[in-house]
Structures are given as C-alpha cells and as structure tokens.
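K.L.:
The structure's right below; bear with me while I get my questions together.
The values are calculated or read from the model by the stated rules, or taken from the named source; none is laboratory data. Given the structure is predicted, the values throughout are model-derived calculations rather than measurements. Note that we place each Cβ from the backbone using ideal geometry, even for glycine, and neighbour counts take in every protein chain shown.
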Amino acid sequence: MKLDSNVKAIITGGASGLGEAVARELAGAGVGVCLFDLNEERGQALADELSGHFVRVDVSDPASVADGFRAARAAQGQERIMVNCAGIGVAARTVDREGKPQDPAFFERVIRVNLIGTFLCSSNAAAGMVAADPVTEDGERGVIINTASVAAFDGQIGQTAYSASKGGIVGMTLPMARDLSRDGVRVMAIAPGIFRTPMLAGLPQDVQDSLGAQVPFPSRLGDPAEYAALARHIVENSMLNGEVIRLDGAIRMAPK
C-alpha cells in the first residue's frame, strides 16, 4: 500500500511508547492518523502536533471501541491502517508467596485489555475496510497490525496472564488473515522484545543498561522508532500477511 495523505490510520495506545512512534512514522509519510488512548491530555497534544485526531477509547469496552471508530471515521474517513499498541504489562505469580492463587480478576483484566481489546479494534477496523473500495491493483483494502510480545514464546515468572494475552494475539494472526483474505485485508503481528517504552524509561539507567545487555545484538533496548519502521514496512509490503515477526535482537528470555 502506498502511503500518502489519502490513507488514514488508527493507532491504539497512540499517546505514548510504541503507538506514539507509529503515529509519528505514519504522519511523517503523510498519512492521516487518529489516536485511541485513555490519556486525553497527552493524546490530544500529540494529535494536534501531528495534525491528526484523538479519541478517548477504552479498548477493553466494546461500546467505547464502537464509539471510537464512529468518531474517527466522522473526523477522517475510513481507516486503511489499524495498528494495535494498547496494552498493560503487569505481573503476578500463579500462586503467591502466601500460597494464594492468582486473583482471577487480575488475569481477566490483562486478557480483556491486551487480547480482547486487540480483537475488538481489529474486527471493527476490518468491518469498515471490507466495505471500502480497493486501494491497490491487487485489491488490497487495508492492513491490520497487532502487537504481540516475545513473552508469547518465552514467558517469564509472573507473566502467566501477560503471556496468555500475547499468545492469543499470535494465535489469531493467521486465522484472522485467512478470514479477511478474500476481501483484501492483511493481518500481521509484531512481537517486540525489550523496548524503551515509558515503563522502562522510568527505571534507573543502570537497570536499563542491564536489560539491554541481555540482548545478543544489538546489545541495547529497542527504540520504538524501530518498531514503527517495521510497522511501516509491513504496510508497504503487500506480501507480508498472516505472520508474526519477532523484533528482539535475537533475545530469548530467561525464566526471570
């Protein structure tokens, strides 16, 4: 898909981290961007900077997601690019040190935000894309990019909920791509390793350096701009479909 001002995108978690990087990358290519996030102040400020739009959306709430898509399309038209970056990365062991089982509400919350939230936004985007006219000679109508994690494959201690949520994203990539193939909508997932997101950026520098040193090469934390560059390449390369790409510097996570 060729990127220009006729192409519109929606990015969840767009106010910071990986989502912000994607928004900047796409806007820099002329794409109109709409950011979904819960952080209204930061989201609106970034949208204004990028001459885009912001909608406050709770991706775990079907009604909020539906309202968000209506608002985004009213503001900029039908999106052709959907990038899901919204997520939470909290941790808890299956059984805590006092012998109590993990709070099921905690597990459900992580699944609802990371996995169900991704599905809700993907399916809403797909519904709009399949009803739109093709934008390429191949008949392409849109691209959906979801954010998994290396935790889907190398989950660490305390990551049962997180790994399950990201593993679900991995698992639905191919069948969703197959579902939408007849309508020219591609579906991909990126599984990032250790990236310099706001959560990690708040750690002491020596801790960040230690985490980066675990990456075989390059031995550093990933830059969100590198995630964004891959997302852009996926959009522009129409043969990429139904696959999960690890973006991790060859790291394989240890148990802890």
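K.L.:
Can you find, within the stretch 1-20, the residue that is surrounded by the fewest Cβ atoms within 10 Å (Cβ to Cβ) among those that are hydrophobic (A, V, I, L, M, F, W, C) and under 11 Å from the mean Cα position of the chain (by Cα)?
P.N.:
Leu18
K.L.:
To continue, here is another question. Which of (1) touching a strand residue (DSSP E or B) at 6+ places or on another chain (Cβ under 8 Å); (2) buried (at least 21 other Cβ atoms within 10 Å of the Cβ); (3) over 23 Å from Ala250 (Cα atoms) is the odd one out, the single condition Ala152 does not satisfy?
P.N.:
Only one criterion is unmet by Ala152, namely (3).
K.L.:
Another question, then. Determine whether Ala161 is at pLDDT 95 or above, out of contact with any strand residue (DSSP E or B) (no Cβ under 6 Å at 6 or more places or on another chain) and farther than 29 Å from Val7 by Cβ.
P.N.:
Considered against the rule, which asks whether it is at pLDDT 95 or above, out of contact with any strand residue (DSSP E or B) (no Cβ under 6 Å at 6 or more places or on another chain) and farther than 29 Å from Val7 by Cβ, Ala161 comes out as yes.
K.L.:
So is Ala72 closer than 30 Å to Asp48 by Cβ, at pLDDT 95 or above and surrounded by fewer than 20 Cβ atoms within 10 Å (Cβ to Cβ) or not?
P.N.:
No: the conditions fail for Ala72.
K.L.:
Still on this structure: Residues to consider are Phe153, Phe119, Phe107; find the one that is over 19 Å from the mean Cα position of the chain (by Cα) and aromatic (Phe, Trp, Tyr).
P.N.:
Only one candidate passes the filter, namely Phe107.
K.L.:
Keeping to the stretch 49-104, report how many residues are more than 30 Å from Lys2 (Cα to Cα), β-branched (Val, Ile, Thr) and touching a Gly at 6+ places or on another chain (Cβ under 8 Å).
P.N.:
Residues meeting the conditions: 0.
K.L.:
Six or more apart or on different chains, Cβ atoms under 9 Å: show the pairs whose first residue is in the stretch 231-256 and in contact (Cβ under 8 Å) with a residue 24 or more places away in the chain and among the hydroxyl-bearing types (Ser, Thr, Tyr) and whose second is part of a strand (DSSP E or B) and surrounded by 17 or more Cβ atoms within 10 Å (Cβ to Cβ).
P.N.:
Going by the 9 Å Cβ cut-off, the qualifying pairs are Ser238/Val143; Ser238/Arg186.
K.L.:
Here is a follow-up. Among all residue pairs at least 6 apart or on different chains, which show Cβ distances below 6 Å where the first residue, located in the stretch 1-30, is free of Cβ contacts under 8 Å to residues at least 24 places away in the same chain and the second is in a loop (DSSP other than H, G, I, E, B) and small (Gly, Ala, Ser)?
P.N.:
So the pair list comes out empty.
K.L.:
Next up: Within the stretch 21-51, track down each residue that is surrounded by fewer than 16 Cβ atoms within 10 Å (Cβ to Cβ) and of a type in the set (D, E, K, R).
P.N.:
Passing the criteria: Glu40, Glu41, Asp48, Glu49.
K.L.:
May I ask you to verify whether Arg109 is of a type in the set (Lys, Arg) and either over 26 Å from Met199 (Cβ atoms) or crowded, with 17+ Cβ neighbours inside 10 Å (or both)?
P.N.:
No, not satisfied.
K.L.:
With the condition being touching a helix residue (DSSP H, G or I) at 6+ places or on another chain (Cβ under 9 Å) and of a type in the set (S, T, N, Q), I'd like the helices (runs of 4 or more DSSP H) fully within the stretch 103-165 carrying at least 2 qualifying residues. Can you show your working first?
P.N.:
Values: elements: 104-110, 117-130, 151-154.
Where helices (runs of 4 or more DSSP H) fall fully within the stretch 103-165 and carry at least 2 residues being touching a helix residue (DSSP H, G or I) at 6+ places or on another chain (Cβ under 9 Å) and of a type in the set (S, T, N, Q), they are 117-130.
K.L.:
While we're on this one: Quick check on the stretch 219-228. Is at least one of its residues within 22 Å of the chain's Cα centre (by Cα), of a type in the set (Lys, Arg), modelled with pLDDT of 95 or more and on the phi < 0 side of the Ramachandran plot?
P.N.:
For the stretch 219-228, residues within 22 Å of the chain's Cα centre (by Cα), of a type in the set (Lys, Arg), modelled with pLDDT of 95 or more and on the phi < 0 side of the Ramachandran plot: absent.
K.L.:
Taking the condition of being under 30 Å from Asp4 (Cβ atoms) and of a type in the set (Ser, Thr, Tyr), how many residues in the stretch 205-256 meet it?
P.N.:
2
K.L.:
Still on this structure, please answer the following. Determine whether the stretch 127-143 contains at least one residue that is touching an Asp or Glu at 6+ places or on another chain (Cβ under 9 Å), of a type outside the set (Ser, Thr, Tyr), closer than 20 Å to Arg56 by Cα and free of Cβ contacts under 8 Å to residues at least 60 places away in the same chain.
P.N.:
yes
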